[in-house]
Amino acid sequence: YPAAYIVLITTLGGGLVATLSALYFPNLFNAHDYVHVLSDSKDERKMDAFPTARSTLLPMLFMSCVTSISGFSLGPEAPMVTAGGLVGVSLARKYLKSNSKSKKRSASVEETLAYAGAAGTLSGFMNVPLAGPIFAMEMTNRGTGVSSMAAKSWNAAMAACFAGMVFVRGGLVPNMGVGGHFTYGAKAAVGALTGREMVLASLTCGVGGAVVGTMFHKTLHFLKSVIYPSPKTSSSSSSTANDKPKKSTVITKKLLVAFAIGLISILYPQTMFWGEGTLQCVVDGQCTPLAATPHAIPAIMTAFARVDPNLPFAGVAAPLQVGMAKFVAIALAAAGGFPGGVM
């Protein structure tokens, strides 16, 4: 059964990430840490929690890459934000080492360059010149808008954004066409939108996105509590070491999560991978077949697909099924502790 190859790849990839993270990099800095550190406005020594880019960058990018190419529905934006933030902080420390600055001033410079590094990396490699800095700064605020320090870092973040665009688009891929990520053609499911339709669609998607986002947040917390239940409180001083799960247990749980995602992907191949290419399929109701995107998989591996990934959606039920399967696959991957962005 060629479709079994999907389960094999997701399970093997998940097993590799699980083994590396449990045995060699149990406390590897990630996007959650980036958000947690920068959202703390009271701790003056919070930037000390950022490790050096030299010790963290390559392992983090490698495991994120393995997670992505194994078919997990996790995007590259979170690893990019983390990588850019680490590089920014490391550059700030090098600058501060050669200039005598107060500790408070040092933390401010490190935080500013953490935002700038994240914004520049995200903008340059994902071609989002305005959304890049906004995304990098708003994600560190637990409420709406941006934090006070993020707002102060806006100028640096925008400068880094344009520098990132020049470096990537002008240097690394100078011949790539310039334009938006998505095509709204006459054959697309949404058709050509008027200005009013665009505004109404945006408002509807915004409300729907808020509902789905809230549901995802609660589902994620529930799955985390099931996969990694909190240890029972104990008054014994020796219970702390025993409460920490065994590495073999963590690896086994991640393997089971990867296997479950593989089973979902057999029935709904659209849940595999994530990026602008696959999102284009959603935008136009699969008028753009999955086979035409960078994440194409051989047709023989989609034999058990409940919704053909290479044909336009036949009705409302088809996108709902794909959406629910994608929802579950992303939630499982995130709850299982696999690195990557959640969109």
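The values are calculated or read from the model by the stated rules, or taken from the named source; none is laboratory data. Treat the numbers as computed from the prediction; the structure is a model and nothing was measured. All Cβ positions, glycine included, derive from the backbone under ideal geometry; neighbour counts span all protein chains shown. With ligands, DNA and RNA removed, areas are computed over all heavy atoms of the protein, side chains included. Shrake-Rupley method; radii C 1.70, N 1.55, O 1.52, S 1.80 Å.
Counting only protein heavy atoms and using a 1.4 Å probe, the accessible area of Leu263 comes to about 80 Å². Students often get this wrong, so check it: of Lys46/Lys94; Lys46/Lys254; Lys218/Lys246; Lys247/Lys326; Lys42/Lys218; Lys224/Lys326, which have C-alpha atoms separated by over 21 Å? Correct reply: Lys46/Lys254; Lys218/Lys246; Lys247/Lys326; Lys42/Lys218. Close amide H contacts of Asn310 (hydrogens built in the peptide plane, cut-off under 5 Å, sequence separation of 5 or more or a different chain): Leu290. Accessible surface for His36 stands near 110 Å², nearest 10, in the context of the full protein assembly shown (1.4 Å probe). Of the solvent-accessible surface of the range 21-171, computed with a 1.4 Å probe over protein heavy atoms with every protein chain present, carbon and sulfur atoms account for 63 percent. In this label model, Asp40 and Ala210 are separated by 3.1 nm, measuring between points 7 Å along each Cα→Cβ vector. The residues of the range 1-60 have, on average, 57 Å² of accessible surface per residue, using a 1.4 Å probe with all protein chains present.
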